[in-house]
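What follows is one structure encoded as structure tokens, with my remarks underneath.
The values are calculated or read from the model by the stated rules, or taken from the named source; none is laboratory data. In this text, all values refer to a predicted model and were calculated from it rather than measured experimentally. Reconstructed Cβ throughout: ideal geometry from the backbone, glycine too, with neighbour counts over all protein chains shown.
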Amino acid sequence: MRSARRVAAVTVALMLLIAAVPPFRTSVLRRIGATLIAEDPLATADLGVMMSESHASGATLELADLVKTGAIRRVAVVAPPDGIEVAQEFARRGVPFEDNAAQAIAQLVRLGVPPTVIDRIPVTDAGGTTSEGAAIAAWCARRQVKTVLILSSPDHGRRVRRRVRRAFAGTATRPIVRLTRYGTFRADDWWTRRDALRAGLVELEKLLLDVVAHPL
């Protein structure tokens, strides 16, 4: 893993060095942004799932729209483990504690999604995209879901799709990775805004690490 991180760091540094040369700057940065963004063609699915990283990218809006158009029948929200100590302290004070998943479910209901078609997919460890992909795959297998549409934020798209495909390999469920339309990361100008620049560089290194660890 240490050598993979070194390769990823050197590759990112080389890309940024090339991007620093004025004639290549814009085209290289646009290519980097486009590399991070990837999705599958939209298709009707039995289930629509929002991963935890897509909460801030309008995934609840996207899921509500997909339910209304009939593109998906049911909705599920990934629920990774939140701070147990914080939850316990809220309980001790007699105040209800809502994790990100509970807040997302409340938003979906307010957006018109019937509570009867909303589920939670629990994740037992905080292992990021890999743990969530495995949890979604196992959950779908137990419920014999034929097709699942998984929402990701734009800058995470390609890496999420790679990990989701590995998680569902050998299962009977076909995964479809789609990007939220409300994400702010854009290939054409991501380097012009500080938040998008930071997110893009971090995601680029993570994607390169994933490619080094899993070349195929």
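Which count do you get for residues in the stretch 160-181 that are part of a helix (DSSP H, G or I) and within 12 Å of the chain's Cα centre (by Cα)? Matching residues across the stretch 160-181 total 5. What residue, of VAL148, VAL117, is among the hydrophobic types (A, V, I, L, M, F, W, C), surrounded by fewer than 18 Cβ atoms within 10 Å (Cβ to Cβ) and under 25 Å from ALA45 (Cβ atoms)? The match here is VAL117. A single entry from VAL67, VAL75 fulfils the requirement of being crowded, with 20+ Cβ neighbours inside 10 Å, out of contact with any strand residue (DSSP E or B) (no Cβ under 6 Å at 6 or more places or on another chain) and modelled with pLDDT of 95 or more: VAL67. Against the criterion of being within 21 Å of THR171 (Cα to Cα), in contact (Cβ under 8 Å) with a residue 24 or more places away in the chain and within 14 Å of the chain's Cα centre (by Cα), GLY157 does not qualify. Taken together, THR171, THR180, THR184 contain a single residue that is within 22 Å of THR44 (Cβ to Cβ), in contact with a Ser or Thr (Cβ under 8 Å, 6 or more places away or on another chain) and not acidic (Asp, Glu), which is THR180.
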